[in-house]
Amino acid sequence: MQTKDLLFELSASSPVSGEELAEGFGVSRNAIWKHIEKLRDEGFEIESNGDGYRLVDVPEYGGLAIEYHLGESMWEIEYYDEADSTNAVAEEEARDDAPEGTVVVAEKQTAGRGRREREWSSPPGGVWMSLVLRPTMPPRDASVITLIAAVAVARALETVGAEPSIKWPNDVMIGDRKVCGILTEMQADAERIDYAVVGIGLNANIEPPIEKSTSLRNEIGDVNRASLVASILAEFDELYDAPHDEILEEWRSRSSTVGREVRVEMPNETVEGEAVGVDSTGALRVKTAEGERVVTVGDCEHLR
Ligand code: BTN
C-alpha cells in the first residue's frame, strides 16, 4: 500500500480504527501507524482516540495534499521542496521511462526555464510543475498539448474566482498581465512522440515577479495551491481525451489575441497587423498590409 491509499481511506470514512485499516490493507497495525506518522510529518492533522483515526486538517501544499484533492486519477505526484527546473527533472525521468502521468512539482526552482531560453523566476509560494506525457498523436498535432494546458489553467482559475484569458501562443493572462506561462518540451521523431514535458508556471501566492506580470495574490488573494493544482490536472485529463477541434474552439473562445492589433516578434523578423484567427495547428493568422501571414512561433504584443 501507498500512504495516499491510507489518506483516501481516511477522507472517505472517519473515524476508522487501526485494526480495521490494517485488515483492509492486509498489513500490520505498525505499518498503518508508520503511514499515519508520515502524513502527520507532511502537515496533515490526524486525531486518534478510542474510535480510531480521524482526518481533521489538510496542509495547503505538498505532494500528498495534491493527491488528497485529486483522489483516484491518472496522475502520480512527485513533490520537491526545491528543484533546479521541474522541466529538467521531468525530462530526465521521461528519458528514464517515467510513465505518462508523472507530475513533478517543486515549492521553488533555482533555475526555472522560460520560453526562448529566458529565466523564469520561481520563488516559494508559486505553482511550478511539469507533466510527463506520452501522447499517441502524430508529432504534427503536438501543439494541441500546449493549448490543452492553457485551457486547463484558465478553467481552473475561473473556479477560484479569477477572470483569465489566453494570449497567443500560450500565456494565461488576467487583464493585460501575465499570470501563467507554459513551456512544452518534446522528444519525437518524424512518426511518433517519445515524450512531451509540459511545464506550467503559475504566479500564485507571490508578489508579481516581473514588470507586466501579475499573480493570484495580487488579483484575488492567496489560494489553496494543492486544490488548484488538482483542478488544473483534472481539467487537463478531461481535455486530453477531447477531439482536437473542440479544444481549439474553446481555446479560441478564451483568446484575448484574436481580433486585436498585434506585433509578433519572430526569431528573424517582426510581423504587425490584425490577429484574425488561429489555425488547426495553433498558428496565429495575422492580416498585415502585405497580406495574411501565418505565424508559428514568436512573442506577441497586443497593441490595441
Ligand atoms: C514562459 O516563458 O512563458 C514559460 C514559462 C514556463 C515556466 C514553468 S515553471 C515549471 C516548469 N519548469 C521550468 O523550468 N519551466 C516551467
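The values are calculated or read from the model by the stated rules, or taken from the named source; none is laboratory data. On a predicted model such as this, the values are computed, not experimentally measured, just so you know. Ideal geometry is used to build each Cβ from the backbone, glycine not excepted, and the neighbour counts take in all protein chains shown.
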Checklist outcome for this item: GLU42: passes all of (1) touching a residue at least 24 places away in the same chain (Cβ under 8 Å); (2) out of contact with any Asp or Glu (no Cβ under 7 Å at 6 or more places or on another chain); (3) closer than 30 Å to GLU185 by Cβ; (4) away from the ligand (no atom under 16 Å from the Cβ) but (1)
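Which of the strands (runs of 3 or more DSSP E) contained wholly in region 70-156 include at least 2 residues that are farther than 24 Å from LEU239 by Cβ? Walk me through how you get there before you give the answer.
Working: elements: 76-83, 102-109, 127-133.
In region 70-156, the matching strands (runs of 3 or more DSSP E) lie at 76-83, 102-109.
Would you mind finding the one in ILE182, ILE148, ILE166 that is touching a Lys or Arg at 6+ places or on another chain (Cβ under 6 Å) and within 26 Å of ARG285 (Cα to Cα)?
ILE166
Filter region 92-107 down to the residues that are buried (at least 16 other Cβ atoms within 10 Å of the Cβ), more than 10 Å from the ligand (Cβ to nearest atom) and not β-branched (Val, Ile, Thr), then identify the one that is farthest from GLY63 (Cα to Cα).
Ranking the qualifying residues of region 92-107, first place goes to ALA94.
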Checklist outcome for this item: Flagged in region 1-50 as in contact with a strand residue (DSSP E or B) (Cβ under 7 Å, 6 or more places away or on another chain) and hydroxyl-bearing (Ser, Thr, Tyr), in numbering order, are SER11, SER14, SER17
Checklist entry - Exactly one of (1) outside any loop (DSSP other than H, G, I, E, B); (2) within 29 Å of SER73 (Cα to Cα); (3) in contact (Cβ under 8 Å) with a residue 60 or more places away in the chain; (4) not small (Gly, Ala, Ser) is unmet by CYS300. Its number? => result (2)
Item to check | Odd one out for LYS4 among (1) closer than 27 Å to ALA98 by Cα; (2) exposed (fewer than 14 other Cβ atoms within 10 Å of the Cβ) | outcome: (2)
Next on the checklist: I need every pair where a residue in region 168-194 that is on the phi > 0 side of the Ramachandran plot has its Cβ under 8 Å from the Cβ of a residue that is within 16 Å of the ligand (Cβ to nearest atom), sequence separation at least 6 or different chains.
Outcome noted: GLY175/THR214
Item to check | Leading residue by the ranking (modelled with the lowest pLDDT) among those in region 177-204 that are away from the ligand (no atom under 15 Å from the Cβ) and surrounded by fewer than 19 Cβ atoms within 10 Å (Cβ to Cβ) | outcome: ALA190
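Can you tell me which residue among PRO139, PRO169, PRO164, PRO135 is surrounded by 18 or more Cβ atoms within 10 Å (Cβ to Cβ) and away from the ligand (no atom under 16 Å from the Cβ)? So that I can check it myself, show each step before the final result.
Values: PRO139 fails: surrounded by 18 or more Cβ atoms within 10 Å (Cβ to Cβ); PRO169 fails: away from the ligand (no atom under 16 Å from the Cβ); PRO164 fails: away from the ligand (no atom under 16 Å from the Cβ).
So the residue among PRO139, PRO169, PRO164, PRO135 that is surrounded by 18 or more Cβ atoms within 10 Å (Cβ to Cβ) and away from the ligand (no atom under 16 Å from the Cβ) is PRO135.
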